[in-house]
1. What do you get for the angle between helix 34-43 and the principal long axis of the chain? Use alpha-carbon atoms, 0 to 90 degrees, nearest ten.
2. Take the cross-link list 169/244; 42/166; 168/299; 166/300; 120/330; 48/194 and give me the ones stretching past 32 Å between alpha-carbons.
3. Accessible area per residue of the chain at 1.4 Å probe, in Å²?
4. With loop defined by DSSP as not H, G, I, E or B, and exposure as at most 15 other Cβ atoms within 10 Å, which is the longest segment of the chain clear of exposed GluC sites (Glu not before Pro)?
5. Which of the aspartates and glutamates could a cross-linker bridge to residue 129, judged by Cα under 13 Å and excluding same-chain residues fewer than eight apart?
6. Would you list which aspartates and glutamates come within 15 Å of residue 255, measuring only between C-alpha atoms, while excluding same-chain residues fewer than 8 positions from it?
7. Can you give the % of DSSP beta bridges in the stretch 8-340 that are antiparallel, to the nearest 5?
8. Please work out whether the stretch 22-165 counts as rounded, prolate or oblate from its C-alpha gyration tensor, where a ≥ b ≥ c are the square roots of the eigenvalues and a/c under 1.5 means rounded, while otherwise a/b larger than b/c means prolate and anything else oblate?
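The values are calculated or read from the model by the stated rules, or taken from the named source; none is laboratory data. Just so you know, these numbers come straight off a predicted model, no measurement behind them. Ideal geometry is used to build each Cβ from the backbone, glycine not excepted, and the neighbour counts take in all protein chains shown. All accessible areas refer to the heavy atoms of the entire protein, side chains included, with ligands and DNA or RNA removed. Shrake-Rupley method; radii C 1.70, N 1.55, O 1.52, S 1.80 Å.
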Amino acid sequence: MEHLQNDLLLRAARGEQVERVPVWMMRQAGRILAEYRAVRAKAGSFIKLATTPELAAEVTIQPVDILGVDAAIIFSDILVVPEAMGLPYIMEEKVGPIFPTTIQSMADVEQLLVPDPHEKLAYVIDAIKIVKQELNGRVPLIGFAGAPFTLLCYMIEGKGSKTFSKAKKALYSEEVLSHALLQKITDTTIAYLKAQIAAGANIVQIFDSWAGILSPEQYRTYSLPYIAQICDAITEVPVTVFAKGAFFAREDMGKLNCETIGLDWNMDIAESRRLIGNSKTLQGNLDPCVLYASYDEIKKHTITIIEQFGTQRYIANLGHGVYPDTDPDKVKCFIDTVKGYGL
Ligand code: CP3
């Protein structure tokens, strides 16, 4: 068994007693850090950075050293899964990801691979192995994948969108295709997460970033059953489900076979606890925009959410990824306020 010097995050996820609240931040490995931007410039592109294990490992560890977070999250992207299935993407500066080829027909779905992650995603698995060596037990490593529905959005739409109306059109008019695609993504994701865990990921998070565009009924039909399959399949480590905007699904998420539920800032904390029940750890949910405020305001808002969540069965985080133009000193203020709470 691996010995971790700081296992607060894992104990909180499993519902065990903690001396203080653990804290990390979605998108902590990224553009807020000058040190990240330097490695990114050296790599030449986001995709080159993400596919070069030594560099991906370096930027994964930066926030542990610089910000003092209680976990590292492997530097990668949810879009590496569609790429491994046969749909490559490009990362357009200031635009975001673009898929030159998209899924439009059942024949397109049938052409997709359910790849062996050790082959097609070896660069992520290798990065995890390097991170584990370099962390040397300091903090746990979080692995992750996109939820099948969120990946379907990009694979059909071909790019980011406010409405993802092309993807939603498929749900309403191409039911068989949609389910076939979701199942293929699910099978790929389970194998991929298991490979991350075998390489050393101590906990995994499923990002359902576009959950909030679905109706409750569509969410129950097209997203939750596939997330449930993943949760049921991953028995090795705790699983966190973060479904941004899915306030309507909180009660259902309380029944998933996962340990932790991530909340965004639109979700009332006490109401979420009531809907989800006491058997899950909650993670979140400071509005990332609070980090634009003064140090005093950041401290005040951070303490307010800790008091609402309580110090047990809770992992402090933002309600979504940190915005790239946030001052790292303000981020540190948030992290230090959590770490100092109640001590
Ligand atoms: O959290 C972390 O620190 C780990 C790294 C991570 C990245 N993407 C790196 C990244 C994680 C966990 C993700 C997940 C991801 N990627 C999600 C789900 C979480 C969320 O934010 O809702 C989504 C929807 C994506 C898809 C994606 N990747 C988009 C829409 C974009 C462009 C928008 C942007 O922020 O630029 C990316 C690019 C991306 N992924 C960057 C980083 C650091 C920025 C690119 C760069 O550095 O040039």
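1. With both axes taken from Cα atoms, the answer is about 30 degrees.
2. Over 32 Å Cα-Cα: 42/166; 168/299; 166/300; 120/330.
3. 41 Å²
4. 94-235
5. Qualifying aspartates and glutamates at Cα under 13 Å: 54, 58.
6. 232
7. In the stretch 8-340, DSSP labels about 15 percent of beta bridges as antiparallel.
8. It is prolate, given that a/c is not under 1.5 and a/b is the larger ratio.
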